[in-house]
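Everything on this sheet refers to the single structure shown next.
The values are calculated or read from the model by the stated rules, or taken from the named source; none is laboratory data. The model shown is predicted, which means the values in this text are computed figures rather than measured ones. Note: ideal-geometry Cβ built from the backbone for every residue, glycine included; neighbour counts use all protein chains shown. For accessibility, only protein heavy atoms count, side chains too; no ligands or nucleic acids. Shrake-Rupley method; radii C 1.70, N 1.55, O 1.52, S 1.80 Å.
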Amino acid sequence: MTIQRITIVGTGLIGASAGLALRAARFPGEIVGWDRNPSHLQIALDRGAIDASALDPISAAVSSDLVLLSGPVFAIQDWMGRLAPLLKPHQLVTDVGSVKVAIAECAQPLFGGPGQAGFLPGHPMAGKEVSGAEHADAELFAHAVWLFTEFAGHPLAVEWRSWVERFGCRIMDIQAARHDEICAWVSHLPQFLSTALSAMLEDRFADAPDLRAIGGRALREMTRLGASPYTMWRDVAHTNTETIAEALLALEQRLAHLRENLKTPELRDEFERANRFRTNT
């Protein structure tokens, strides 16, 4: 059993990048794509991320060996529910969702059992603050970690993992709950911090030219994620709420600690801890 035909449902940034990465890794089979946004689909086709565009994603998925679900978490869950009754045991579905507990729980009754298709929860720790197929890049996953969480094994899972490694990724297996905990701190928290900072500066200074000139690189780096799309992060916030809230509260308390110690040695200690973390990262 080998992967000869792949359907990518969602040919935005990650989905189209996966198609480009497959081609760069010399995947010999056919790649079919679908996206609810016709322009994303056409760009993915024009750029060679997919070989053909599907008018009916259901039919394309049913006739494929592997289905890659790419998009916001709720969209992934919706497609899981729609596809599961139609797929066969020899087929494998995988995803690139930013939250894993909600997706794994959704998959449990739908995949991996007798007569059901397989499922492999995945999450590449790669992306950009912009979305859309026009920003797709075959090198997007190079030197990144592609996380996989536990689920019932499937014969095609080993092959898909090998293709991911050919993208230049390091594969890491992690429990779904641990994934969501760590990602809340190292991925979701930075996003919401950048969003809050960018929104605050917009309220305070709007498009003041002197702010843009003075801010420089520090401003660009700290607010880069502020350009991320709400539709993607809405679903993350809804499906990893408690852990993100815990991280945000801890940050609020840490910022209050800094505010209260601007003139004490505690400020020096915080800089030392921060320097240690950066040195070891």
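Of all residues in region 242-281, those that are among the β-branched types (Val, Ile, Thr) and open to solvent by less than 70 Å² (accessible area, probe 1.4 Å) total 3. Number of residues in region 49-71 that are outside any helix (DSSP H, G or I), surrounded by fewer than 22 Cβ atoms within 10 Å (Cβ to Cβ) and of a type outside the set (Asp, Glu): the value is 5. For region 127-152, a residue qualifies if it is buried (at least 18 other Cβ atoms within 10 Å of the Cβ), among the small types (Gly, Ala, Ser) and either closer than 16 Å to Val236 by Cβ or within 15 Å of the chain's Cα centre (by Cα) (or both), and the qualifying residues are Gly127, Ser131, Gly132, Ala133, Ala136. Among the residues making up region 159-196, those that are in a helix (DSSP H, G or I) and either among the basic types (Lys, Arg) or modelled with pLDDT under 95 (or both) are Arg161, Arg166, Arg178. Of all the numbered requirements in (1) assigned to a helix (DSSP H, G or I); (2) among the β-branched types (Val, Ile, Thr); (3) modelled with pLDDT under 95, Thr281 misses one, and that requirement is (1). Reported count of residues in region 75-126, each being in a loop (DSSP other than H, G, I, E, B), under 15 Å from the mean Cα position of the chain (by Cα) and more than 22 Å from Asp35 (Cβ to Cβ), is 2. Screening Met80 against (1) open to solvent by 20 Å² or more (accessible area, probe 1.4 Å); (2) touching a Phe, Trp or Tyr at 6+ places or on another chain (Cβ under 8 Å) leaves a single unmet condition, (1).
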